[in-house]
Structure formats: C-alpha cells, structure tokens
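Asks: My structure is below; once you've seen it, I'll send some questions.
Values quoted throughout were computed directly from the atomic coordinates according to the rules given, and no laboratory measurement underlies them. For clarity, every value in this text was computed on a predicted model and none was experimentally measured. In this analysis, Cβ positions are derived from the backbone assuming ideal geometry, glycine residues included, and neighbour counts consider all displayed protein chains.
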Amino acid sequence: MENYKKIIEDIYAEVKNIEDIGTVANYIPELAFVDASNFGIHITNTNNASFGVGNFNKKFSIQSISKLLSLTLAYKLEGEKLWDRVDVEPSGNPFNSFLQLETDLGKPRNPFINSGAIVVCDVLLSHLKNPKEDFLEFCREISNNATLNYSKKVTQSEKDSGFRNNAICNFIKSFGNINNDVAPVIDFYFHICSLEMSCKELSEIFMFLANDEFSTSKGNKILSMSQAKRINAIMLTCGFYDESGEFAFRVGLPGKSGVGGGIIAIHPDKYCIAVWSPKLNEQSNSYKGMLFLEKFTTRTTSSIF
Ligand code: GLU
C-alpha cells in the first residue's frame, strides 16, 4: 500500500484540476442536488491496509453499483439456474434500453443493465421473506457495517420518474420472465438503487470479490471462488453499459459504475478501489472516475492484463 499512496495523491491532485466535461445525472431529480465538485478515492487491499483521499468518507447514491450486490445474493440463492433468466453478454446499448429485449424474448443481456437487474430483483423477491430488510441485512453483514441504508428521498424520486423502468418490467413480464407482480419488483429495484455508501465503504464491501479468503464477521463465506470469478468476468465485460470495452481497454480491471458517479474496480487477489466524482460522460460513467483509474492502473502497472 505504501507505494500506492503517493501515486494516488499525485493523480488525485492532477485529475481534480482538469476541467470536467461531464454532467450530473438529473433524470432522477434527487440526484441533481449533489455537489458536483465532490471527488473521493479509497482503496483497500487483501492485507486489510487502506488509504483514501478527498471526499472518501462522504456517502452518496451508489445506484447501479448495488446491482453487484443484488446479483451476488441472487447467485448465492438461485445458483446456476439464474443464467436461464438473465444472460452474461455485453449489451453494447445504454443501461435503460429496450432494444434487445424484443428480439431476445424478454431475457436481458446481462444483470448490470436495468432490465437484467429488474429480473434479478424478481428472483430475490421469490426467495426472500422481507426482501428490502433481508437485502439490507445481507449488505450490512458483508461490510460489517450497520449504518448502511437506503435513501428514502432517492427511492421516492426514482418512483416519481420511473416510467421507463416500470415499462421495462412490464415488457419483460409479457414474455413470462417476471414471476411476481410488477409493483413490488419495481419498488424493490428502486430501493436497491437508492443504497448510499462512501468510497471507503464501497472499497470494503466488495473485498469478497478480491480476496478468496474473505468471510464475514459471522464466519460466512459469500461466494465460492468459481462464483466470484464469474462475477468479476461479467463486470469486465458488462460493468460500464455501452462503454465496457472502453473501460477494459483504458483501465484493465473488472469494475462497475453507477449514475451517482461512483465506480468500483477490483484487482483479484490484490485490492478493491472506489472512486466518486458525480459528473458523467455521455455513456453515463463518471468522467473523472474513469480518468483517475486509467492513470492509476497505468502508473502502478496493476491491471489484470
Ligand atoms: N436507478 C437507476 C435507474 O434505474 C440506475 C441506473 C444506473 O446507475 O445505471 O435508472
């Protein structure tokens, strides 16, 4: 970790001063209230050493990054049958696109676009007694952090503006790939998206994808090695909407972004790094977040390739 600190500080100072050509997401009105100048980084490694700069302790709306947690729980509960309901192919389309659903007969291309995450929510709803509470408890156990919570304001804002997600859910149900009623599936989906965490909390909660030895404070393992490998593979190929190739090309790590401007990236067997900068590029990924990570893996020569 010692040799990463100076590199992180240097790149942080450099990227902070670069003009941000992105824009804050405002299609969910509540997200537009964020202070766009926030910029935070936090890294945790497999020896439990950690380091952060900037606004790394400030909680923000993690949005689609939470799709990684819902997928993990669904994979744990449903096993390989999950892949009958949702595919593992990059979509090459925006996160909220309908395009392929028609020709793919309601089977979403992957679990990280909205359609795929909505099917994952339906799977969870069929397994969990109290979905919202049980999912939160799962996140709290992995992170050993009882403060994790949903943002009521963001959930409500997503509901008020969620015409497209409701339509996607209805559309998939028309093909028979949603088993529960649309309203509770979408309500659960909006809650999951409204989860709030800081960069520090993000880099801690996803250590189970970086460290084969990881178990929770209650002694539970989250995923088998082979399952963790698969989730990392889906992140590498599908974690950045229609810019997943670009992220792999420039950064070279499995990762996942959210429209709140957060990104997490995993170096299996080494570390998990989280970056937050709210302004997004045209593909809805954090502009400065991607830039930071590109410089970070280049200067530390720590990509998986
Ligand atoms: N809640 C957002 C939506 O459903 C998540 C989008 C994202 O971060 O990719 O539109």
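Asks: Whole-Hz ³J(HN,Hα) for each residue in region 101-114, computed from phi via Karplus 6.51 cos²θ - 1.76 cosθ + 1.60 with θ = phi - 60°, x for glycine and proline: what do you get?
Replies: Listing the rounded values in order: 4, 5, 6, 8, 6, x, 9, x, 4, 7, x, 9, 8, 4 Hz.
Asks: Which of the aspartates and glutamates could a cross-linker span from LYS58 if the Cα-Cα distance has to be under 13 Å and same-chain partners fewer than 8 positions apart are dropped?
Replies: Cα-Cα hits under 13 Å: ASP35, GLU196, GLU201.
Asks: Something else: Tell me the volume per residue, in Å³, of the convex hull enclosing the alpha carbons of region 95-254.
Replies: Hull volume over Cα atoms, normalised by residue count, gives 132 Å³.
Asks: Between PHE175 and LYS58, what FRET efficiency follows from the Cβ-Cβ distance if R0 is 41 Å, with the result rounded to 0.05?
Replies: E(calc), rounded to 0.05, equals 0.50.
Asks: Let me ask something else about it. At 1.567 mPa s and 4 °C, plugging the Kirkwood radius over alpha-carbon pairs of the chain into Stokes-Einstein gives what diffusion coefficient in µm²/s?
Replies: 68
Asks: Also, I was wondering about something else. What is the fewest-to-most order of ILE142, ILE263 by other Cβ atoms lying within 10 Å of their Cβ?
Replies: By the 10 Å Cβ count, ascending, the order reads ILE142, ILE263.
Asks: Under the Karplus relation 6.51 cos²θ - 1.76 cosθ + 1.60, θ = phi - 60°, what is the ordered set of whole-Hz ³J(HN,Hα) values for region 86-98, x standing for Gly and Pro?
Replies: 9, 7, 10, 10, x, 8, x, 9, x, 4, 10, 7, 9
Asks: Sticking with this structure for a sec: Could you work out how much longer the chain between GLU19 and ASN47 gets when fully extended? Use 0.36 nm per residue separation minus the Cα distance between them, nm to one decimal.
Replies: 6.5 nm
Asks: If you rank ARG140, ARG109 by fewest surrounding Cβ atoms within 10 Å, what's the result?
Replies: In order of increasing Cβ crowding within 10 Å: ARG140, ARG109.
Asks: Continuing with the same structure: Do you know the relative contact order of the chain, to the nearest whole percent, from alpha carbon pairs under 8 angstrom that are 6+ apart?
Replies: Across the chain, relative contact order equals 28 percent.
Asks: Using a Förster distance of 22 Å, how high is the FRET efficiency between THR300 and ASN145, based on the Cβ-Cβ distance and rounded to 0.05?
Replies: That gives a FRET efficiency of 0.20.
Asks: Next question, about the same structure. Taking a spot 7 Å from the Cα of ASP134 along the direction of its beta carbon, which residues of region 104-128 have an amide N less than 11 Å from it?
Replies: Taking a point 7 Å out along Cα→Cβ of ASP134, the residues of region 104-128 whose backbone N falls under 11 Å are 123-128.
Asks: Then there's this: For the pair TRP83 and THR216, how long in nm is the line joining their label points, each one 7 Å along Cα→Cβ?
Replies: Each label point lies 7 Å from its Cα, and together they span 2.6 nm.
Asks: Still on this structure, please answer the following. What whole-number distance in Å separates the alpha-carbon centres of region 178-203 and region 230-262?
Replies: Cα centroid to Cα centroid, the span is 19 Å.
Asks: Now a separate question. For GLU89, GLU196, which order do you get if you count the other beta carbons within 10 Å of each Cβ and list the fewest first?
Replies: GLU89, GLU196
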